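Colleague: One structure is given below, represented as structure tokens, and several questions about it will come after.
The values are calculated or read from the model by the stated rules, or taken from the named source; none is laboratory data. Because the structure is predicted, anything quoted here is derived from the model rather than measured. Don't worry about glycine lacking a Cβ; one is built from the backbone with ideal geometry, like all the others, and counts go over all protein chains shown. Surface areas here come from the heavy atoms of the whole protein model, side chains and all, with no ligands, DNA or RNA. Shrake-Rupley method; radii C 1.70, N 1.55, O 1.52, S 1.80 Å.
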Amino acid sequence: MGSRSYSNLLDLASGDNPNFSREKKRLPRVATVAGILTELDDDNSVGSDARSSISQERMIIVANQLPIRAHLSSDGSGRWNFSWDGDSLLLQLKDGLGDDVEVIYVGSLKEEIDTSQQDDVAQTLLETFKCVPAFIPPALFSKFYHGFCKQHLWPLFHYMLPLSPDLGGRFDRSLWQAYVSVNKIFADKVMEVINPDDDFVWVHDYHLMVLPTFLRKRFNRVKLGFFLHSPFPSSEIYRTLPIRDELLRALLNSDLIGFHTFDYARHFLSCCSRMLGLSYQSKRGYIGLEYYGRTVSIKILPVGIHIGQLQSVLNLPETEDKVAQLRDQFRGQTVMLGVDDMDIFKGISLKLLAMEQLLLQHPDKRGEVVLVQIANPARGRGRDVREVQSETHATVRRINEAFGRPGYAPVVLIDSPLQFYERIAYYVIAESCLVTAVRDGMNLIPYEYIICRQGNEKLDETLGLDPSAAKKSMLVVSEFIGCSPSLSGAIRVNPWNIDAVAEAMDSALIVPESEKQLRHEKHYRYVSTHDVAYWACSFLQDLERACRDHVRRRCWGIGFGLGFRVIALDPNFRKLSVEHIVSAYKRTKNRAILLDYDGTMISSGSISTTPNIEAVAILNSLCRDPKNIVFLVSGKDRQTLTEWFSSCERLGLAAEHGYFLRPSQDSDWETCVSVTEFDWKQIAEPVMKLYTETTDGSAIETKESALVWNYQYADPDFGSCQAKELLDHLESVLANEPVSVKSGQHIVEVKPQGVNKGLVAEHILATMMQKGMLPDFFLCIGDDRSDEDMFEVVMSARGGPSLSPVAEVFACTVGQKPSKAKYYLEDTTEILRMLQGFANASEQAQAQAGRNTPQASELGIMGRE
């Protein structure tokens, strides 16, 4: 079946396809190959491997709301009229994608559309605006948006814990199910229009955090980016969320995840480390998380504003008239401006208290300074919003009664809706702008203020300013908002510190004019060059880079529900067929078998690390076959291995990653590397002890040939930080010693140079070649980074003198992950099943040989007689 290409759906909408009648208004759920429209269920049977006939670059932008304004026709016909919403970020970002990128929007409408009209509305939006609406039943939408998004995610992401039913409410499983259901509806709409091989998908904000899983499940190679416009809380806050793992794993099904600030990205990475055990790396300026063979890139770039839109509004005659009106209204007064939504996180009441403090401490400011507070309608609803409104009105009333007089009100509260040009006019006349939110994802108000203060010639004339004079502005911003790091000339404040905010307001008023000009120039240069187009262009470039290797990787999905993820590996990497390797085992005569222990012969999660009876029996059976040379290669010390495998007389053992070697029980231990001095331990051990004392949960493992600092049970972030410091420290103090210092999974190890598991493979190959027994079967199995040296030796030996020309080589890792091995088995169970297959084959061969032996003996007896 061909890929689910949306090009046919668009053809249908535009009427270009002669096979369809324009009378058919209902949009199919899935569009497939040209001329065929089908309804498909949500199975996984169709992948995205087939190439589409259309190969034009397109971007599908998915968000909770479409950038569309809708209103009923005034003629009473009940028809809907639609227009673009020029204020929508989704529409503005098109400027950065280029004219050659076609943009399609998927989202919901603010207005509720009657079921009977939905097909016609969908057709109109698709034909006219290339928008695909997702119609959510009102009851479901209420649970999704006002329930889960606004009661659970939004407060938590803004650092508000549900400590009581009044604070966000307890976790409600039914609201979570509604959230997942709505994300599934959005995913279905994307599937209607996507060409998965060519299209890019860009998902926006916390409303659709599980959407990447649904898309990745259907199309393993989908080119998918996600941008979070809200803050991402610290791991201590986020970990309280009952569905914390599900959301993290869903986001990791994206190729690129974007954040406004490094703090938000750092918190996300910390959550991935602490809750999923994932570590990140920074390479050439890019941060990436390795997730089942896929590299999930992290993007840090604050969004900008659409400067062209602001400038066009500044040029409107209505704006000029409003500026003139405000000039007259506040003549002789200095205006400070606040523009905020009426919600609990915008800190309006804190700003008002700071204004009150300013007037108390500086009586000379009374009658001269006015705070204009524009309070936009709250996006959420509930008791907390009503409390904020009540507190705001009461505080404004108290301040005005205490400090106001005829013709002067210290605080002007505007809580009725304003036209955009009216808000712009307030920006133009304000000497300073105050943003005191206690937590906000980005907040673009300061950016808008900077551009508006740049003004134009007409507005300069209206205000009586010299057009050639340098512009000026002052910003007082909370350190808890996303735009704060990018505004280095602003006065940053802790909004909870009322005295400090009042002092900052005073400073903004008395700063010398020349400094105001310098600060404005610095901000204007940044804001004008980092607009929304720059942001969108940069995100698309990074998304293209993150998806560059998709076609070269072999992908398949594992896991159920929201635990689904995609494995992406080298095309030559495949699962080892037990039947195939057992068949190869049966027909070969000189076999070499190398087995790792921890994580291979025994599960890495086992509490007991001693070998079980089944594993020992299998090893003994393999060792009894004279055609086999079997070695167990481990990082453990030789005393432990000797004790554990005392019943395996013919088993070869390699201890401490190959430093010690013993071909069989009746042989002596020998060393693969000639090291006689271990004086370096006297240098390394005190350093490790220092870090052990300061890192709770860490320990030192002392071996004959090595020292290992283990921080598996330490705090993940602190342990990782300490490990890096220890690595640098040890490399410095041991620079002149013949040792190597390496970091591994929760360890830092110091060992003699050249010691690794590859030595064991080289030893076996050399020994067998000396005996004239070139291996025609070589199996090497391991599960972690230390085993990669074995794989490298075995794979490079192919075609060389140490292996038979017809040798069958099997380098196999445990689990589906990037490796130098060419094969994998899922877990210890599959490995033991394979080894049991070998043992059975050996026993059958020996039994067959035993049946033939008496006949030969009888012939010998008859000959002697």
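Colleague: Does the range 803-826 contain any residue that is part of a loop (DSSP other than H, G, I, E, B), more than 30 Å from residue 568 (Cα to Cα) and open to solvent by less than 20 Å² (accessible area, probe 1.4 Å)? Show your work before the answer.
Modeller: Here is the first cut: in the range 803-826, the ones part of a loop (DSSP other than H, G, I, E, B) are 803-807, 815-822, 826.
Subsequent filtering for residues that are more than 30 Å from residue 568 (Cα to Cα) retains 803-806.
Checking which are open to solvent by less than 20 Å² (accessible area, probe 1.4 Å) leaves us with 803.
Looking through the range 803-826, at least one residue is part of a loop (DSSP other than H, G, I, E, B), more than 30 Å from residue 568 (Cα to Cα) and open to solvent by less than 20 Å² (accessible area, probe 1.4 Å).
Colleague: Which of (1) closer than 30 Å to residue 59 by Cα; (2) of a type outside the set (Gly, Ala, Ser); (3) open to solvent by less than 70 Å² (accessible area, probe 1.4 Å) does residue 525 not meet, given it meets every other one?
Modeller: (3)
Colleague: Determine if the range 628-644 includes at least one residue that is crowded, with 20+ Cβ neighbours inside 10 Å, in a helix (DSSP H, G or I) and not hydroxyl-bearing (Ser, Thr, Tyr).
Modeller: Scanning the range 628-644 turns up at least one residue that is crowded, with 20+ Cβ neighbours inside 10 Å, in a helix (DSSP H, G or I) and not hydroxyl-bearing (Ser, Thr, Tyr).
Colleague: For the range 144-263, list the helices (runs of 4 or more DSSP H) that sit wholly inside it and hold at least 1 residues that are out of contact with any helix residue (DSSP H, G or I) (no Cβ under 8 Å at 6 or more places or on another chain) and under 18 Å from residue 566 (Cβ atoms); which are they?
Modeller: On the way: elements: 154-157, 173-193, 211-218, 235-238, 244-251.
Answer list for the range 144-263: 211-218, 244-251.
Colleague: For the range 238-267, what are the residues that are among the charged types (D, E, K, R), under 24 Å from residue 151 (Cβ atoms) and crowded, with 20+ Cβ neighbours inside 10 Å?
Modeller: Taking the range 238-267 and keeping what is among the charged types (D, E, K, R), we get 239, 244-246, 249, 255, 263, 266.
Next, only the ones that are under 24 Å from residue 151 (Cβ atoms) stay: 239, 244-246, 249.
The one that is among the charged types (D, E, K, R), under 24 Å from residue 151 (Cβ atoms) and crowded, with 20+ Cβ neighbours inside 10 Å: 249.
Colleague: Just to verify a result, which residue in the range 673-690, among those that are in a helix (DSSP H, G or I) and among the hydrophobic types (A, V, I, L, M, F, W, C), is surrounded by the fewest Cβ atoms within 10 Å (Cβ to Cβ)? Outline the logic, then answer.
Modeller: Kept after step one, since they are in a helix (DSSP H, G or I), are these residues of the range 673-690: 680-690.
Next cut, among the hydrophobic types (A, V, I, L, M, F, W, C) only: 680, 683-684, 687-688, 690.
Values: 680: 20, 683: 15, 684: 24, 687: 18, 688: 23, 690: 12.
If we take residues in the range 673-690 being in a helix (DSSP H, G or I) and among the hydrophobic types (A, V, I, L, M, F, W, C), then 690 is surrounded by the fewest Cβ atoms within 10 Å (Cβ to Cβ).
Colleague: Anything in the range 103-120 that is open to solvent by 30 Å² or more (accessible area, probe 1.4 Å) and either outside any helix (DSSP H, G or I) or on the phi > 0 side of the Ramachandran plot (or both)? List them, or say none.
Modeller: Residues of the range 103-120 open to solvent by 30 Å² or more (accessible area, probe 1.4 Å): 110-112, 114-120.
110, 111, 112, 114, listed by residue number.
Colleague: Taking the range 614-627 on its own, how many of its residues are part of a helix (DSSP H, G or I), open to solvent by 50 Å² or more (accessible area, probe 1.4 Å) and not charged (D, E, K, R)?
Modeller: The qualifying residues number 1.
Colleague: Is it the case, given these coordinates, that residue 778 is in contact with a strand residue (DSSP E or B) (Cβ under 7 Å, 6 or more places away or on another chain), part of a helix (DSSP H, G or I) and not β-branched (Val, Ile, Thr)? Steps first, please.
Modeller: Numbers: in contact with a strand residue (DSSP E or B) (Cβ under 7 Å, 6 or more places away or on another chain): yes; part of a helix (DSSP H, G or I): no; not β-branched (Val, Ile, Thr): yes.
When the stated conditions are applied, residue 778 does not pass them.
Colleague: Which one of these is without any contact (Cβ under 8 Å) to a residue 24 or more places away in the chain, more than 21 Å from residue 795 (Cα to Cα) and either open to solvent by less than 70 Å² (accessible area, probe 1.4 Å) or touching a His at 6+ places or on another chain (Cβ under 7 Å) (or both): 583, 608, 577?
Modeller: Details: 583 fails: more than 21 Å from residue 795 (Cα to Cα); 577 fails: more than 21 Å from residue 795 (Cα to Cα).
None of the others qualify; the one that does is 608.
Colleague: Anything in the range 648-668 that is open to solvent by 60 Å² or more (accessible area, probe 1.4 Å) and more than 16 Å from residue 595 (Cβ to Cβ)? List them, or say none.
Modeller: Step one: filter the range 648-668 for residues open to solvent by 60 Å² or more (accessible area, probe 1.4 Å), giving 649-650, 665-666, 668.
Across the range 648-668, the qualifying residues are 649, 665, 666, 668.
Colleague: Restricting attention to the range 436-484, report how many residues are at pLDDT 95 or above, assigned to a loop (DSSP other than H, G, I, E, B) and of a type in the set (Gly, Ala, Ser).
Modeller: So the count comes out to 2.
Colleague: Further, regarding this structure: Using the structure shown, decide if residue 107 is small (Gly, Ala, Ser) and under 25 Å from the mean Cα position of the chain (by Cα). Working first, answer last.
Modeller: Values: small (Gly, Ala, Ser): yes; under 25 Å from the mean Cα position of the chain (by Cα): yes.
For residue 107, the condition - small (Gly, Ala, Ser) and under 25 Å from the mean Cα position of the chain (by Cα) - is met.
Colleague: State the number of residues belonging to the range 710-763 that are touching an Asp or Glu at 6+ places or on another chain (Cβ under 7 Å) and open to solvent by 60 Å² or more (accessible area, probe 1.4 Å). Give the derivation first.
Modeller: Taking the range 710-763 as the starting set, the residues that turn out to be touching an Asp or Glu at 6+ places or on another chain (Cβ under 7 Å) are 710, 714, 741-742, 745, 756-758.
Okay, now just the ones that are also open to solvent by 60 Å² or more (accessible area, probe 1.4 Å), so 742, 745.
Residues in the range 710-763 being touching an Asp or Glu at 6+ places or on another chain (Cβ under 7 Å) and open to solvent by 60 Å² or more (accessible area, probe 1.4 Å): 2 in total.
Colleague: So residue 137 passes all but one of these: (1) closer than 25 Å to residue 176 by Cβ; (2) in contact with a His (Cβ under 6 Å, 6 or more places away or on another chain). Which condition number does it fail?
Modeller: Of the numbered conditions (1) closer than 25 Å to residue 176 by Cβ; (2) in contact with a His (Cβ under 6 Å, 6 or more places away or on another chain), the odd one out for residue 137 is (2).
Colleague: If I go through the range 365-390 residue by residue, how many of them are open to solvent by 90 Å² or more (accessible area, probe 1.4 Å) and either under 29 Å from residue 334 (Cβ atoms) or of a type in the set (Asp, Glu) (or both)?
Modeller: Our first condition is that a residue be open to solvent by 90 Å² or more (accessible area, probe 1.4 Å); within the range 365-390, this holds for 368, 379, 381, 383, 386-387.
Retained after the next criterion (residues that are either under 29 Å from residue 334 (Cβ atoms) or of a type in the set (Asp, Glu) (or both)): 368, 387.
Of the residues in the range 365-390, 2 are open to solvent by 90 Å² or more (accessible area, probe 1.4 Å) and either under 29 Å from residue 334 (Cβ atoms) or of a type in the set (Asp, Glu) (or both).
Colleague: Filter the range 311-345 down to the residues that are among the hydroxyl-bearing types (Ser, Thr, Tyr) and either touching a Leu at 6+ places or on another chain (Cβ under 7 Å) or open to solvent by less than 40 Å² (accessible area, probe 1.4 Å) (or both) and list them by number.
Modeller: First, the residues of the range 311-345 that are among the hydroxyl-bearing types (Ser, Thr, Tyr): 312, 319, 334.
Answer for the range 311-345, where residues must be among the hydroxyl-bearing types (Ser, Thr, Tyr) and either touching a Leu at 6+ places or on another chain (Cβ under 7 Å) or open to solvent by less than 40 Å² (accessible area, probe 1.4 Å) (or both): 319, 334.
Colleague: Follow-up question, since we're still on this one. Among the residues of the range 95-121, what is the count of those that are modelled with pLDDT under 90 and either in contact with a Phe, Trp or Tyr (Cβ under 8 Å, 6 or more places away or on another chain) or under 16 Å from residue 69 (Cα atoms) (or both)?
Modeller: Of the residues in the range 95-121, 0 are modelled with pLDDT under 90 and either in contact with a Phe, Trp or Tyr (Cβ under 8 Å, 6 or more places away or on another chain) or under 16 Å from residue 69 (Cα atoms) (or both).
Colleague: Another question, then. So the check is Cβ under 7 Å with 6+ separation or different chains; which pairs have a first residue in the range 621-640 that's more than 17 Å from residue 756 (Cβ to Cβ) and polar (S, T, N, Q) and a second one that's outside any strand (DSSP E or B) and open to solvent by 10 Å² or more (accessible area, probe 1.4 Å)?
Modeller: Final answer for the pair search is 621/843.
Colleague: Against the conditions (1) surrounded by fewer than 18 Cβ atoms within 10 Å (Cβ to Cβ); (2) under 22 Å from residue 259 (Cα atoms); (3) of a type outside the set (Asp, Glu), where does residue 308 fall short? Just the number, please.
Modeller: (2)
Colleague: Here's a follow-up. Which of the residues belonging to the range 391-408 are open to solvent by 20 Å² or more (accessible area, probe 1.4 Å) and under 49 Å from the mean Cα position of the chain (by Cα)? Walk me through it before giving the result.
Modeller: Going residue by residue through the range 391-408, those that are open to solvent by 20 Å² or more (accessible area, probe 1.4 Å) are 391, 393-394, 397-398, 400-407.
The answer is 391, 393, 394, 397, 398, 400.
Colleague: Might you let me know whether the range 776-791 holds any residue that is of a type in the set (S, T, N, Q), surrounded by fewer than 22 Cβ atoms within 10 Å (Cβ to Cβ) and on the phi < 0 side of the Ramachandran plot? Please lay out each step first, then the result.
Modeller: Taking the range 776-791 as the starting set, the residues that turn out to be of a type in the set (S, T, N, Q) are 786.
Going one step further and asking which of them are surrounded by fewer than 22 Cβ atoms within 10 Å (Cβ to Cβ), we end up with none.
The answer is no, given that none of the residues of the range 776-791 is of a type in the set (S, T, N, Q), surrounded by fewer than 22 Cβ atoms within 10 Å (Cβ to Cβ) and on the phi < 0 side of the Ramachandran plot.
Colleague: Restricting the range 121-150 to residues that are more than 19 Å from residue 58 (Cβ to Cβ) and in contact with an Asp or Glu (Cβ under 8 Å, 6 or more places away or on another chain), which is surrounded by the most Cβ atoms within 10 Å (Cβ to Cβ)?
Modeller: Taking the candidates together, the pick is 148.
Colleague: Output the residues belonging to the range 61-82 that are touching a Phe, Trp or Tyr at 6+ places or on another chain (Cβ under 9 Å) and surrounded by fewer than 16 Cβ atoms within 10 Å (Cβ to Cβ).
Modeller: Going through the range 61-82, the residues touching a Phe, Trp or Tyr at 6+ places or on another chain (Cβ under 9 Å) turn out to be 61-64, 66-73, 82.
Residues satisfying the conditions are 71, 72, 73.
Here's the yes/no breakdown for (1) closer than 17 Å to residue 303 by Cβ; (2) modelled with pLDDT of 95 or more; (3) in contact with a Phe, Trp or Tyr (Cβ under 6 Å, 6 or more places away or on another chain):
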| site | (1), (2), (3) |
| --- | --- |
| 186 | no, yes, no |
| 211 | no, yes, yes |
| 214 | no, yes, no |
| 221 | no, no, no |
| 225 | yes, yes, yes |
| 229 | yes, yes, no |
| 252 | no, yes, yes |
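Colleague: Do we find a residue being under 18 Å from residue 369 (Cα atoms) and either touching a helix residue (DSSP H, G or I) at 6+ places or on another chain (Cβ under 8 Å) or open to solvent by less than 10 Å² (accessible area, probe 1.4 Å) (or both) anywhere in the range 476-490? Outline the logic, then answer.
Modeller: As a first pass, look at the range 476-490 and keep what is under 18 Å from residue 369 (Cα atoms): 476.
Now restrict to residues that are either touching a helix residue (DSSP H, G or I) at 6+ places or on another chain (Cβ under 8 Å) or open to solvent by less than 10 Å² (accessible area, probe 1.4 Å) (or both): 476.
Yes - at least one qualifying residue is present in the range 476-490.
Colleague: Run residue 508 past the list (1) crowded, with 21+ Cβ neighbours inside 10 Å; (2) more than 30 Å from residue 333 (Cα to Cα) and report the number of the one that doesn't hold.
Modeller: The failed condition is (2).
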